[in-house]
Every structure is written in structure tokens, then in C-alpha cells.
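Let me begin by presenting the structure, written as C-alpha cells, before commenting on it.
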Amino acid sequence: MLEKRHQILMVLFVSAFAIAFINIFNPFDSKAWIKGTSITDTKYFAWSSMLVLIGMVVVALSRVIMYKTSLKPNHNITILRYIIWVFIEVLLLSGAFTLLAVIVRNNLNLVTNDPIEIFTTAIKNTVGILFIPYLMCILYFSYQDRTAKLKELMGENIGFKSSNLISIRDSRGVLQLSVAKENLLYIESADNYICIWYQKNDTLKKQLMRITMRDISEQLAETNIVRCHRSYMVNLDLVKVMRREKENLFLELGVPGVKEIPISKTYGEKVLRRLVPIS
């Protein structure tokens, strides 16, 4: 539900559904809201489309904020938070409609001019219109997610079983990258994210992934990709030079464009034992 593509699809689908639903079924006797006996279908379509557009601008802004919030460390959007967020969206949409109704009420046949009653009615109408498309989106995205996970479990991504490949999964356990051992250079951390640096056709590539350094270290425990610093893991098979500069140690991979990797005192002894075995 939080993926950018799904958020965009949801806003577009809800907009289209709301316009079609309002124009086909005329819910809540909405045609009677507009003054004048000669209200045409074209005029009603334009009026309803404008109303939905205003509402979807509010939803779109809300979803942008939700997406950016979900990317921040320690700001996971749980099911409960998602439900609360949707409820707040309903309140904002109802508030936007109430404000619009108060501004143009001379052109509307409203049962009441009391903003509180208009707002209360708007909440009921908004829930009535949005419930079905929101539910359809949730079910569809859930189905897509379960189908993808089922394919992954059944096939374990056939073609990625080679012992020469290193597979890396994110914090949700979803496979994000499989790369040949000799092409994975090093891993750099940034809070709850990591940046994986690797080579593809002699070109330096990187992939950002949401997972902690500790978790990725556990994933790669059986490989020669080892932690050498609080913020770095390095492929020891590719180390060409180990250099000491005063009290600091650095590793060089001999790959153009790749910076030297520091070794901290915390991990220094472990790395040295792997690089220079003592008999």
C-alpha cells in the first residue's frame, strides 16, 4: 500500500471511480444540490468532476506526505496508523467540501446552512463514495503482493540458485538483488538503509535498500563479505591493497572510482585474521 506506484494508482482509480459513480447513480440526490431546473448532464458532469478533482488534490497531498513519512527511520506506517491516516483524509475531504459549500451556498440547494451540519453530512457522503474504491485497491494490492511472494517461495527465483551469486533481501525479506560474488564490491550504511556497490559490465552501480547493517551482516555471515567498520562491509576476495596510515588501516579494491574502505579498531582484528591467516 505504501509503494509510490500503488499510491499513484490508488489516487487515479479513486478519482475515476468517484466521477463515474456520482454521474451514473446520482448518490444522495446530488443533482438537487445545484439550483436551477435545467441542470444538464454535461453541467452535472463538470460540477462533479471539479468537486472530485478538489478532493483528490487533498488525497494526493496526503499520500505524498504518507510516502515520505514511511521512508523515514522509525516512522513505519502500521495498519492502525494507516486506518487513522485514511480517517483524517475523510475529515480533510469533508472539510474541503464544507468550505466550498459555505463559499458558494447561494448557488446550492442545501438542506441547512449550518457548517457543522454540512460537515457531518459531508463525512457520511465521503465515506459512502470512497469506501468501495478504497476497499478494491486494498484487496487488489494485497492480491498482487501475495502473488509475488508465492512465486518467490515456489520458484525461489529460478536462475538465482547458483553458488556464485549472492542474494540480498530487504527488511521485509523480499529479494532485492542477486549479484555475482566477484562483482559485489562493498556495502555502505546510512541509518536504516544500506547502499550496495557492485560492478555491471565494468560499470560501477549502486542500489539503495531498507535494512540495517546488523541484519545484512547476518544475511552474509557465510560469505566473504565482512564488516570492517561501523558503516562498511567489504568483499575481502577483491582486496588488492591493505594500507596503514598512522593509526588507521584502509583497504583498496583496485577498481576505478571506488574509494578506499576504512577498517575500524572494533572490526580490525577479525578482518586481519581473514586477510592474513596466522598458522
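Give the distance, in whole Å, between the Cα centre of segment 110-137 and the Cα centre of segment 189-215.
Cα centroid of segment 110-137 versus Cα centroid of segment 189-215: 46 Å apart.
Of the residues Ala32, Ala16, Ala96, which exhibits the maximal mean-square fluctuation in a Gaussian network model of the chain defined by a 10 Å Cα contact cut-off?
Result for the chain, Cα springs under 10 Å: Ala32 fluctuates most.
What number comes out for the charge environment of Ser231, summing +1 per Lys or Arg and -1 per Asp or Glu over other residues with Cβ under 13 Å away?
Computed value for this residue: +2.
For segment 1-152, what Kirkwood radius comes out of the mean inverse Cα-Cα distance, in Å?
Evaluated over segment 1-152, this radius sits at 16.9 Å.
Give the peptides 109-117, 217-225 in descending order of average Cβ contacts within 10 Å, highest first.
Per-residue mean Cβ counts within 10 Å order the peptides as 217-225, 109-117.
Explain nothing, just the number: relative contact order of segment 168-263, from Cα pairs under 8 Å at least 6 residues apart, as a whole percent.
RCO, segment 168-263: 20 percent.
Under a straight-distance cross-link criterion of Cα-Cα below 12 Å, which aspartates and glutamates are reachable from Lys240, leaving out those fewer than 8 residues away in the same chain?
Within the straight-line limit of under 12 Å, Lys240 reaches these aspartates and glutamates: Glu252, Glu260.
So the label point goes 7 Å from the Cα of Asn224 along Cα→C-beta, right? Which residues of segment 240-279 then have their backbone N under 13 Å from it?
Zone members listed by number: 240-241, 274-277.
In terms of the ratio Rg/(2.2 N^0.38 Å) built on C-alpha atoms, what value belongs to segment 199-243?
Rounded to two decimals, the normalised Rg is 1.28.
How about Lys68: which lysines have a C-alpha closer than 19 Å to its C-alpha, ignoring those fewer than 8 places off in the same chain?
Partners within reach: Lys4.
If the viscosity is 1.002 mPa s and the temperature 20 °C, what Stokes-Einstein diffusion coefficient in µm²/s follows for segment 182-260 when Rh is the Kirkwood radius over Cα pairs?
164 µm²/s
Distance in nm between label sites at Thr120 and Ile8, each 7 Å beyond Cα in the beta-carbon direction?
Spacing of the two 7 Å Cα→Cβ label points: 4.2 nm.
Using a Cα-Cα cut-off of under 29 Å, which lysines could be cross-linked to Lys31, ignoring same-chain neighbours fewer than 8 residues away?
Lys43, Lys124
Could you please report the charge total around Phe28, scoring K, R as +1 and D, E as -1 over all other residues with beta-carbon less than 15 angstrom from its beta-carbon?
With Lys, Arg at +1 and Asp, Glu at -1, the neighbours total 0.
Given a 1.4 Å probe, how much area per residue of the chain is accessible, in Å²?
Counting only protein heavy atoms, the per-residue value for the chain is 63 Å².
How high is the relative contact order of segment 1-84? Use alpha-carbon pairs under 8 Å, at least six apart in sequence, and give a whole percent.
Details: 30 pairs, mean separation 33.2, N = 84.
About 39 percent, as a whole number.
Would you mind computing, in nm to one decimal, how far apart the modelled labels at Ala32 and Ser231 are, each placed 7 Å from Cα along Cα→Cβ?
Output for this residue pair reads 6.7 nm.
Kyte-Doolittle cut-off -0.5, length cut-off 24 Å along the helix's own axis using Cα: show which whole DSSP H helices in the chain pass.
4-25, 41-71, 79-103, 115-155
Residues with amide H under 5 Å of His229's amide H, sequence separation 5 or more or different chain, H placed in the peptide plane at 1.01 Å from N; which?
Long-range HN contacts for His229: Ser264.
For the chain, calculate the relative contact order in percent as a whole number, restricting contacts to Cα pairs under 8 Å that are 6 or more residues apart. Could the numbers behind the result be given before it?
Values: 287 pairs, mean separation 30.1, N = 279.
This gives 11 percent for the chain.
The values are calculated or read from the model by the stated rules, or taken from the named source; none is laboratory data. Keep in mind it's a predicted model, so treat the numbers as computed, not measured. As a convention, Cβ positions derive from the backbone with ideal geometry for all residues, glycine included, and neighbour counts pool all protein chains shown. Keep in mind that these areas ignore ligands, DNA and RNA; they rest on the heavy atoms of the full protein, side chains included. Shrake-Rupley method; radii C 1.70, N 1.55, O 1.52, S 1.80 Å.
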